[in-house]
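So the structure is just underneath, and the comments pick up after that.
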Amino acid sequence: MSTATIRNIAIILVLAAIVAFAPGGGQGADLISQVLSAVFTAVIILLLGRLYLQFRTEIYGLGDRWPACADDLTPEMRHGLERTAGLYGAEARGKIERRRMELNEAMARIFDEVDLVVTASNPDVAFAAEGPLPSTFGGVEGGMGNNGRLTFPANLYGCPAISVPAGELDGLPIGLQIVGRHFTEPLLLDLALSMERTRPWPLVAPGSPI
């Protein structure tokens, strides 16, 4: 982890502590405290955006090699880095957080009425391992991002989800996704185990040389 990243993390922690433990006072002091709290919160959001950009290169181990190494990456990795370059900041972070809260509330309303949400894991059958990701589904152009449309939301609203094999179509495997309420991971694992015991699936792909 770079020195700049460590420094930004330390600043965020200090500012967060100031916001959390700022003492109260009279009416004037309360107004000043609220203004300072708002300023510190804005700075924290800005630093979080900067940290994301730093982590994006450090986690992938690219460092200063990006974007010169773009041709050495898979199409998916390159596409993700190119799409986020210069787009992530305080405003984007605020929109993402607001959207995450909306999804949390929407899923909470759904789970008021049902115990589980069951979907396909992917909107299409398995694609070639060497890529690229498909962009057309059943003759309809959906773009490469459509591949994660059924599974990615769980990353935002934080509900546990599990994908289990659900058979084949034209010799290609299909996945079944089961989504549960928060903290129901044991239930999902038990369901997957029950399905595996009832309808065992192969441990390797059909036709595999192993």
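Values quoted throughout were computed directly from the atomic coordinates according to the rules given, and no laboratory measurement underlies them. Remember, predicted model here, so these are calculated numbers, not experimental data. Note that each Cβ is placed from the backbone with ideal geometry, even for glycine, and that neighbours are counted across all protein chains shown.
The distance separating the Cα centre of segment 149-210 from that of segment 66-82 comes to 29 Å. Spacing of the modelled spin labels on LEU176 and MET101, each 7 Å from Cα toward Cβ, amounts to 3.7 nm.
Want the number for LEU193 to ALA85: 0.36 nm per residue separation, take away the alpha-carbon distance, what's left? Let's see the in-between values first.
On the way: separation 108, 0.36 × 108 = 38.88 nm, distance 4.14 nm.
34.7 nm is the gain from fully extending LEU193 to ALA85.
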